[in-house]
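Below is one structure, written out as structure tokens, with a few remarks after it.
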Amino acid sequence: MAGNSQRRNRRTSNKKGAQVGSGGKRRRSLEGKGPTPPASARKGHVKNRLANAKAKQAQRRPVARRGGKGASEMVVGRNPVFEALRDGVPASTLYVQQFIDNDERVREALQLATGRGNINIMEAPRPELDRMTNGLNHQGLVLQVPPYEYAHPEDLAAAAFDDGEDPLIVALDGVTDPRNLGAVVRSVSAFGGHGVVVPERRAAGMTAGAWKTSAGTAARTPVARATNLTRALESYQKAGLTVVGLAADGDTEVGELEALGGPVVIVVGSEGKGLSRLVGETCDHLVRIPMPGGAESLNAGVAAGVVLYEAAKRR
């Protein structure tokens, strides 16, 4: 009997878990969590995700619209690189060929790049420069021009109105020569204009050539890029701007148009074809520049300068 009692006690003492009278001290006691929170406060719930998304959207600041970026560009050759640096063309990196003949042009280019303080100067073997330039005659110097940050067309007029001024904007239709674009930018800056608009396709962009022709004014005169020029002009009209197109057969001479004294967009076409049909139909006025000398047309840079001068006289 005694042996059986000891075996039962031994089996009982080997049981896992709490013993009678322990008060649950050997178990994890359960604690109340209070009332159930609403669905919007429960992590993982669909309403919680929606509430978080709305909160982030409310905190997000409006981002300025941009007209997109252009493509990066390489300026190659000792004279072109030197001239680009001298004329203030934006650049990110100057690549110099290893063991290059250190002539005067190379030294001047290096001095200009070093003087700016924000251009990386990197040495590279000739095969690498050949690859970067697709085999062009780089003469040991390659300058990388970063993509141009275009403005949005509507921002040009908005900036003028914010300054208490009537917008004076030039739009180019079918102008494909970057030097003409640079000349227009220079004229807009000279006569107090607020920017230039170019179409996204089949048009000149802000390349190194345009920067050079602008003579540095591109740094303070914004260029906007429009996905569709006709729609951009219609948007300007809704904002209260008058759209004036230059045409050889225009009904009014440029010096007679009173609208040039107010908010206006001057549209200049290509030297050969002029304004496209849709753009011409969108214009509020078609004006001509009198040319007693008998020339058939002017290039975009000269034509824009003439009309901008007339507009500046009325302001």
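In the context of the full set of protein chains, the range 141-190 has a per residue accessible area of 37 Å² (1.4 Å probe).
Largest accessible area first, the residues Phe82, Phe191, Phe161 order themselves as Phe161, Phe191, Phe82 under a 1.4 Å probe with ligands, DNA and RNA left out. Inverting the mean 1/r over all pairs of different Cα atoms, compute the Kirkwood radius of the range 126-211 and quote it in Å. Mean inverse Cα-Cα distance, inverted, gives 15.1 Å. Charge tally for Pro290 (other residues, Cβ to Cβ under 12 Å; Lys, Arg +1; Asp, Glu -1): -2. Taking only the Cα atoms of the range 148-307, the ratio Rg/Rh comes out at 0.93, with Rh defined as the Kirkwood radius.
Among the trypsin sites (Lys or Arg not before Pro) in the range 211-282, those placed in a DSSP loop whose Cβ has at most 11 other Cβ atoms within 10 Å are Arg220, Lys273. Residue ranking by accessible heavy-atom surface, 1.4 Å probe, largest first, among His138, His285, His194 comes out as His285, His194, His138.
Just to be sure I understand: if I project the alpha-carbon convex hull of the range 73-128 onto a plane and average over all orientations, what area do I get in nm²? Value for the range 73-128: 3.7 nm².
Kirkwood analysis of the Cα pair distances in the range 171-238 returns a hydrodynamic radius of 11.9 Å.
The values are calculated or read from the model by the stated rules, or taken from the named source; none is laboratory data. Fair warning: this is a prediction, and the values are worked out from it, not measured in the lab. For neighbour counting, all protein chains shown are included, and Cβ atoms are generated from backbone atoms with ideal geometry for every residue, glycine included. For the accessible areas, the whole protein counts, side chains as well, though only heavy atoms, and no ligand, DNA or RNA atoms are used. Shrake-Rupley method; radii C 1.70, N 1.55, O 1.52, S 1.80 Å.
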